[in-house]
1. Would you mind finding the one in VAL761, VAL741 that is hydrophobic (A, V, I, L, M, F, W, C) and either in a loop (DSSP other than H, G, I, E, B) or closer than 23 Å to LYS81 by Cα (or both)?
2. In the set GLU217, GLU246, GLU268, which member is surrounded by fewer than 20 Cβ atoms within 10 Å (Cβ to Cβ) and within 23 Å of LEU390 (Cα to Cα)?
3. Can you give me the number of residues within segment 831-867 that are under 27 Å from GLY232 (Cβ atoms) and surrounded by 21 or more Cβ atoms within 10 Å (Cβ to Cβ)?
4. Checking the conditions here, which among HIS388, HIS414, HIS365 is touching a helix residue (DSSP H, G or I) at 6+ places or on another chain (Cβ under 7 Å) and surrounded by fewer than 22 Cβ atoms within 10 Å (Cβ to Cβ)?
5. Quickly run through segment 744-758 and pick out the residues that are on the phi < 0 side of the Ramachandran plot and in a loop (DSSP other than H, G, I, E, B).
6. Which of the helices (runs of 4 or more DSSP H) found entirely inside segment 458-509 contain at least 3 residues meeting this: in the same structural domain as VAL619 (by TED's automatic domain parsing) and in contact with a strand residue (DSSP E or B) (Cβ under 8 Å, 6 or more places away or on another chain)?
7. If you go through segment 787-796 one residue at a time, do you hit one that is within 23 Å of the chain's Cα centre (by Cα), closer than 28 Å to TYR635 by Cα, among the hydrophobic types (A, V, I, L, M, F, W, C) and buried (at least 22 other Cβ atoms within 10 Å of the Cβ)?
8. Which numbered condition in (1) over 33 Å from the mean Cα position of the chain (by Cα); (2) not in a loop (DSSP other than H, G, I, E, B) is the only one that PRO149 fails?
Amino acid sequence: MAALDLPALHASHGGCWLRDGGRTRGVGKGEAITAAADTLLLLLNAPLVASRLGYPDLSGLDLLELFAFVHPARFVVPTPKGLAHALGLDEPAGDDAVPALLQQAAGALLERCERDDWAEREGAWTQLQSLQKMRWPWAGLLLQRVRKPQRAERWLFARLPEWDEAPERPQPMQVTLDPAEVTARLAALTGAAAEARPAQRAYAVEAAQAFAPRQREGLPHLLLAQAGTGTGKTLGYLAPASLWAERSGGTVWVSTYTKALQRQLRRESRRAWPGARPDGSQPVVVRKGRENYLCLLNLEDALQGGFGGRAAILAQLVARWAAYSQDGDMIGGDLPGWLGTLFRQRAITSLTDRRGECVYAGCPHYRKCFIERAARASAQADLVIANHALVMVNAARGRDHAQRPTRIVFDEGHHVFEAADSTFAAALTGTEAIELRRWVIGPERGAKGRRRGLSARLADVASYDEAGALAVQAAREAAEALPGDGWLQRLAEGEPSGPIEALLAGVRAVVHARDESGGQDAGYGLETEAAQLPGELIELAAEAQAALAALRTPLIRLGVRLEALLTEPPDWLDGPGRARIEGARHSLAWRVDLLGAWEAMLERLGGPTDPEFVDWLAVERAGAREFDVGLHRRYLDPMKPFARLVLEPAHGVMLTSATLQDGGDWAGAIARSGAAHLDSAPHLSTAESPFDYAAQAEVLIVTDVAKGDLSALAGAYGRLIEASGGGALGLFTAIKRLRAVYGRIADRLARGGLPLYAQHVDPIDTGTLVDIFRDDPRASLLGTDALRDGVDVPGHSLRLVVMEQVPWPKPSILHRARRAAGGGSAHDDRIIRARLAQAFGRLIRSREDHGHFVVLSAAFPSRLLSAFPAGTPIRRVTLAEALQRVAGRVPAAGAESPALPDGTQRAR
């Protein structure tokens with residue numbers, strides 16, 4: 001294998017290295033930028049290199065783009081080490097060896113294209129013709145090595161398989177699972193050589209109760225199961241789930257909150273369902289919202305000129321991936337998470353259906369649609385791996401009636417409350433309103449893209465049905481009252497157009513008038529409660545309400561006409577047309593509901609408050625820039641609609657997590673599960689963690705880092721990461737402080753061989769950041785809430801968790817209302833303990849793990865200490881002693897001292 005003899009550049013916080021003419025040398029940033037501007041250099045992750053150099057216009061021959069072309073749908077950690085492992089090359093010994101590796105990797109990838117056993121050859125030559133016209137830097141080098149096929153290659157859309165219709169599955173048989181059968185199935189899944197775990201066996205038997213026949217309508221078997229980390233809860237509930245699916249012929253839905261757990265579930269489920277059925281169908285299917293999947297019609301538009309510049313190259317690489325993708329999942333599936341960030345655009349999301357514009361059977365690619373294939377496959381599956389949002393949205397919008405699950409396991413059950421809070425919320429904002437306008441009317445003049453209005457999507461209906469045509473026309477006219485492009489600028493200039501923009505201008509004025517921050521919170525959103533509002537705003541709300549009602553009425557009429565066409569179909573309505581009208585009817589229904597929710601919100605602005613809801617006005621900001629304005633409504637208790645729409649129709653529901661309970665108290669878990677809104681009490685189950693926390697972990701509360709001192713905070717983070725030799729996860733409650741700490745310590749750590757990455761700083765998606773962190777035991781990662789319980793990094797790569805302070809709840813209007821209803825400070829304490837427990841849960845993921853959990857807060861209240869597992873040593877120490885302990889210079893055994901009155905241990 002010959003290395004590609006082209007100049008190569010590598011830049012990190014530790015410095016810059018340039019290889020040219022067979023020699024690698026360290027260079028300054030200025031020389032590196034000059035070299036990159038003068039010639040095409042081999043790079044790895046150009047946006048990241050650009051951020052290290054402070055040169056945003058950097059471009060070159062990015063090895064990640066080449067990898068995405070040569071090996072679409074194949075995983076690689078986008079680092080020098082990850083690339084070396086993926087290609088079977090030697091890992092670079094240091095930063096100075098990376099440029100040579102880039103030359104070797106480029107040579108290996110180009111050589112792969114010349115080999116007869118290149119698995120992803122089909123379609124490559126044809127796409128290279130297009131990529132060469134787009135001046136993709138790699139095209140010329142690849143065309144020298146990718147031979148022209150003897151026969152013309154099929155276009156992507158001709159290669160994708162079609163899905164098949166299948167009859168509905170019969171209702172599941174009523175079966176009761178015997179505990180002995182459940183434990184036998186568990187033993188088969190874990191393997192004969194696996195260590196016996198009594199807690200896991202007991203947990204599996206308890207989980208089986210959720211699959212028993214229901215005794216009364218509206219009263220599901222509801223199980224709340226606390227399972228400590230290490231219990232083995234995934235196989236614990238998959239054992240009865242697989243047994244029930246086998247015996248009853250029914251489908252079990254397992255719902256998660258994070259994509260990481262979905263991937264884990266897919267792997268674990270192979271033990272129960274090792275392969276496809278004899279007829280080729282899949283017993284396990286992953287389902288997500290349609291906004292996660294590639295829309296083939298959007299891709300076709302992008303390939304035919306809808307995208308320009310770098311985005312057009314991205315579309316070609318996505319097309320390569322689509323031909324080899326397992327399921328077309330672009331967000332957390334087998335599309336590399338780093339691919340979109342390479343192009344510094346939101347083009348990835350433009351290739352999904354985020355606006356609800358699907359034309360269903362009217363689409364020329366309908367029979368090959370990834371979304372439709374997943375929906376049909378899930379109807380025949382034994383196990384559907386979904387997410388909390390999809391389960392709730394389907395219930396709320398009435399979609400997939402035939403697929404509404406009767407047995408559901410909500411893993412990561414501690415997130416069900418916040419998922420329901422988001423799902424059953426209403427927000428009349430400029431962003432939401434303009435999206436509705438575009439859905440009804442279509443694109444603004446001169447706008448690019450495939451956004452199609454109702455007239456275009458229902459053209460054939462309008463041409464054959466006069467009443468339907470009149471309803472479409474009336475809806476289009478009424479939708480003119482909604483905000484259009486440039487609405488935010490008009491609000492800022494005091495020149496709103498139409499009743500909705502006038503209302504939003506009034507909302508903005510009231511929020512700014514009531515702001516009491518004195519400018520100290522610049523960069524954060526502003527809000528005020530929807531009470532004691534001025535009369536002018538009430539009048540504007542009445543006018544806006546009338547405008548919304550004028551739009552909702554023709555949409556209702558159109559829905560009635562579509563229903564009539566389906567009930568008594570005309571001669572011209574064929575099968576595909578019927579499917580498209582069915583899809584349009586569902587889309588109409590939930591938008592009619594949305595308008596109804598907005599009208600109800602406006603109607604109550606001038607009247608008495610509804611105790612079931614919390615209403616407020618808000619101006620959303622990012623930095624000093626306003627990006628949205630509107631009115632918001634949330635249920636005071638979102639578990640009420642959750643219980644009505646999700647729990648009551650089900651037969652058995654299990655909520656499970658390692659952090660359901662609050663220090664052994666079930667009250668909070670019951671309240672946040674929806675159980676309080678059912679006429680029967682839930683069954684409660686607890687499985688203790690098998691880990692020896694007294695020997696494996698230590699909690700250190702540092703007492704001498706002053707709050708608000710950024711220099712001291714950054715110094716503490718830097719020294720702690722150095723003491724642990726990397727492997728640190730730093731958790732922040734504010735992005736501003738995260739960036740400040742990162743900026744102060746990243747260069748110093750890198751010079752010591754300790755790479756540091758950060759959310760909201762590095763141009764890398766969160767999932768890829770976690771992949772990089774997991775792959776390098778000397779790397780550290782800083783982040784916010786998304787990393788608090790979305791990270792699964794067992795082993796030596798994560799051995800230190802550092803929290804900058806106690807994770808207090810944000811003092812929002814919604815929080816204030818729930819705090820008052822939930823017991824005041826006790827409500828806050830439950831939230832904080834849950835966050836601490838989730839963060840601590842990142843640290844010990846296996847029996848071999850050891851580590852420290854550090855909180856840089858002298859004012860850490862003792863009442864919160866029950867968040868940590870029983871037996872975990874907890875010490876209040878100075879930073880100096882914390883550094884000693886993290887570095888391992890203080891022996892863990894025999895180091896404990898008598899407890900202080902608050903229960904913590906005094907350090908010697």
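The values are calculated or read from the model by the stated rules, or taken from the named source; none is laboratory data. Predicted model only: the values in this text are computed from it and were never measured. Virtual Cβ from ideal backbone geometry, glycine too; neighbours counted across all protein chains shown.
1. Numbers: VAL741 fails: either in a loop (DSSP other than H, G, I, E, B) or closer than 23 Å to LYS81 by Cα (or both).
Unique residue meeting the criteria: VAL761.
2. Values: GLU217 fails: within 23 Å of LEU390 (Cα to Cα); GLU246 fails: within 23 Å of LEU390 (Cα to Cα).
Answer to the selection: GLU268.
3. 16
4. On the way: HIS388 fails: surrounded by fewer than 22 Cβ atoms within 10 Å (Cβ to Cβ); HIS414 fails: surrounded by fewer than 22 Cβ atoms within 10 Å (Cβ to Cβ).
Sole residue among the options that is touching a helix residue (DSSP H, G or I) at 6+ places or on another chain (Cβ under 7 Å) and surrounded by fewer than 22 Cβ atoms within 10 Å (Cβ to Cβ): HIS365.
5. The first filter runs over segment 744-758 and keeps only residues on the phi < 0 side of the Ramachandran plot, leaving 744-752, 754-758.
Passing the criteria: GLY752, LEU754, PRO755.
6. Working: elements: 459-464, 466-479, 487-493.
The qualifying helices (runs of 4 or more DSSP H) are 487-493.
7. Of segment 787-796, the ones within 23 Å of the chain's Cα centre (by Cα) are 787-794.
From the residues that got through so far, the ones that are closer than 28 Å to TYR635 by Cα too are 787-790.
The next check asks that each one be among the hydrophobic types (A, V, I, L, M, F, W, C); those that pass are 787.
With buried (at least 22 other Cβ atoms within 10 Å of the Cβ) added as a condition, the list becomes 787.
Yes, the conditions are met somewhere in segment 787-796.
8. (2)
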